[in-house]
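The values are calculated or read from the model by the stated rules, or taken from the named source; none is laboratory data. Because the structure is predicted, anything quoted here is derived from the model rather than measured. When we count neighbours, we look across all protein chains shown, and the Cβ atoms used for this are built from the backbone with ideal geometry, even at glycine. Only protein heavy atoms, including side chains, enter the accessible area calculation; ligands, DNA and RNA are left aside. Shrake-Rupley method; radii C 1.70, N 1.55, O 1.52, S 1.80 Å.
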Amino acid sequence: MGEIWQGLTAAFRLIVTFDADLVEITLRSLQVTLTAVAIACAIALPLGAWLAIQRFRYRRTVIALLNALMGLPPVVVGLIVYLFLSRQGPFGALNLIFTPTAMIIAQVIIVTPLIASIAHQAIRELWADYHDLLISLNATKRQRMATLIWDARRALMTAALAGFGRAIGEVGAVMIVGGNIDHVSRILTTAIALETSKGNFALALGLGFVLIGLAIAVNLMIHGLGRTEREGTW
Amino acid sequence: MTAILPLQVRAAKVRRRGKTIVGPVDLDLTDVGTTIVMGPNGAGKTTLLHMLHGLARLSGGAIAWNMPTPEAQTRQAFVFQAPVVLRRSVRDNIAYPLILHGTLKSEARQRATDWAERVGLAEALKRPATVLSGGEKQKLALARALIREPQVLFLDEPTANLDGRSTREIETILKRTAAEGTRIVMTTHNIGQARRLASEVIFLYRGRVHEATRADAFFAGPKTPEAAAFIKGDIVE
Ligand SMILES: Nc1ncnc2c1ncn2[C@@H]1O[C@H](COP(=O)(O)OP(=O)(O)OP(=O)(O)O)[C@@H](O)[C@H]1O
Ligand SMILES: [Mg+2]
């Protein structure tokens, strides 16, 4: 129990003193994950909407595949991204390996199926309600998707949050593709792994509490945004 | 502007799960008046209206407007039996069809405000539409259908959830809409309403058109026993 207490005090000290390393690592964590979630949403929301409104031959297969991809082991994603981006890999010339960009790429791959799958569920239900009206009004495919995405915004916010939660706490993939290089690609989770392996439990726990605090804060913030929205009854 | 009417329906059929639920139907819709579609529950009234509006795929026969169907569809509007409300404010619901078709948001909202007033929803403008009562949702659906001034307006039991006063208000709007030249095709179970609004009656029974005739003739003496029993309020099986 002593370690938890020490961790708490360490976290407290790091936070109130605005520890430079902590701030840097935290900001990088946020930057990587928020970027990844934004990109994932840009892909996943239209994809989810499109899968909900479009009938085509292998639709069920694609949806099943998407659900299966939700369970992708991050470590394996990391490994594959590594192979593509490493010096000898097909995209080695881009010099992306061991950069935050590489970590963003890995996180996008990890959370896009998750967000798309939740989005698809929510939008499909809404589409059942809206179908006749939108057809009657001659809405184009694009307009249908836009309307559904906007009107399902609450559920989609939750989907994005789920993606954020999964990405911010992920360590396996970002460790492999980011390399946990100090001042370059070190983020909260990789720092925790490092400090733990060095036996610095207090510092590791301190970082852990910051990570948890961050996840909760982002959740509350988005929840608050939804609340203050004037038309907030759905 | 070319007229969308007359409409010719020839041997049109809708099948669902291997069963013909409407048709074969032959029907001519000319350019003025209000057609009321009547018939017992499950007769196929909703399906018939969906079929005319292009929402139910034909499994036989043909429907021909006086212009290509895609163009004709943009001049029609439909008020559904179960009102569909978008998860937006009342005003944005009513403005939605205009915005879809390229009207500027500010103008669309202005016109939506006007229409909300006409159907008695002025107070509710900024409320989320999902919290409206059943009757208010029907009024919203009517305003949203009318905002693009359709040439043909389909209504599926538009006053089913309304009280007497709201029903009269809606009927007044429908009469004015018809007088301004919109062709109305609507279903109702309210025979009094049918008498007040109809210039023409279609009596549908088990998916078939049993009578399609002028309203005064229909109410004076329906030709089929089913229709006669229906008007008297007897149970038609
Ligand atoms: N998708 C479907 N599959 C099978 N049967 C259907 C389907 N849609 C409608 N039906 C059946 O077709 C018949 C006509 O339905 P419809 O909704 O057109 O009746 P209605 O005259 O509008 O009835 P109501 O007065 O209750 O609104 C009903 O018996 C209904 O069960
Ligand atoms: Mg019906």
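Annotations for the structure displayed:
- Rolling a 1.4 Å probe across all protein chains gives B:E117 an accessible area of roughly 110 Å².
- Between the Cα long axis of helix A:141-151 and the first principal axis of chain A there is an angle of about 60°, rounded to the nearest 10.
- Classification of chain A by its C-alpha gyration tensor yields an oblate form. The axis ratio a/c (a ≥ b ≥ c) is 1.5 or more, and b/c is at least a/b.
- Here the 3J(HN,Hα) profile of region B:187-201, calculated from phi with Karplus coefficients 6.51, -1.76 and 1.60 at θ = phi - 60°, is 9, 7, 9, 8, 5, x, 5, 4, 4, 5, 9, 6, 9, 8, 10 Hz, Gly and Pro shown as x.
- Beta bridges by DSSP in region B:94-218, antiparallel share as percent, to the nearest 5: 55
- Only protein heavy atoms count here, probed at 1.4 Å, and on that basis chains A and B bury about 1900 Å² of accessible area in total.
- Computed with every protein chain present, the accessible area of B:T69 is close to 60 Å² [probe 1.4 Å].
- The distance linking region A:80-143 with region B:179-237 is 54 Å (Cα centroid to Cα centroid, whole angstrom).
- Accessible carbon and sulfur surface of chain B relative to its total accessible area, %, 1.4 Å: 47
- Take every pair of alpha-carbon atoms less than 8 Å apart whose residues are at least six positions apart; their mean separation over the length of chain A yields a relative contact order of 32 percent.
- Cβ neighbours within 10 Å from other chains - mean over A:120-132: 2
- Karplus 3J(HN,Hα) series, Hz, for region A:68-80 with 6.51 cos²θ - 1.76 cosθ + 1.60 (x for Gly, Pro): 5, 5, 4, x, 3, x, x, 4, 5, 4, x, 4, 5
- Expected 222 nm ellipticity per residue - DSSP helices of 4 or more, -39500 (n - 2.57), all of the protein assembly as shown, to 500: -18500 deg cm²/dmol
- Taken as Cα centroids, region A:184-202 and region B:1-73 sit 69 Å apart, rounded to the nearest whole angstrom.
- Partners of B:K137 within straight-line reach, counting lysines whose Cα lies under 27 Å from its Cα and excluding those fewer than 8 residues away in the same chain: A:K141, B:K45, B:K105, B:K126, B:K175.
- Among the trypsin sites (Lys or Arg not before Pro) in region B:92-173, those placed in a DSSP loop whose Cβ has at most 12 other Cβ atoms within 10 Å are B:K126.
- Bridging of B:K223 to aspartates and glutamates at a Cα separation below 14 Å is possible for B:E211, once same-chain residues fewer than 8 apart are set aside.
- Residues of the protein assembly as shown: accessible area per residue with a 1.4 Å probe, Å²: 48
- Percent of beta bridges antiparallel (DSSP, chain B, rounded to nearest 5): 50
- With a 10 Å cut-off around each Cβ of B:87-94, the average count of Cβ atoms from other chains is 3.
- Neighbour cut-off at most 12 other Cβ (10 Å), DSSP loop, trypsin sites (Lys or Arg not before Pro), region A:25-113: A:R55, A:R57, A:R87
- Taking the C-alpha atoms only, the angle from helix B:134-146 to the longest principal axis of chain B is near 90 degrees.
- DSSP assigns beta bridges within the protein assembly as shown; of those with both partners inside it, close to 50 percent run antiparallel.
- Treating r as the C-beta distance of A:K141 and A:Q6 and R0 as 51 Å, the FRET efficiency rounds to 0.35.
- Accessible surface of region A:21-229 [probe 1.4 Å, protein heavy atoms]: carbon and sulfur percent: 69
- Cβ neighbours within 10 Å from other chains - mean over B:63-76: 1
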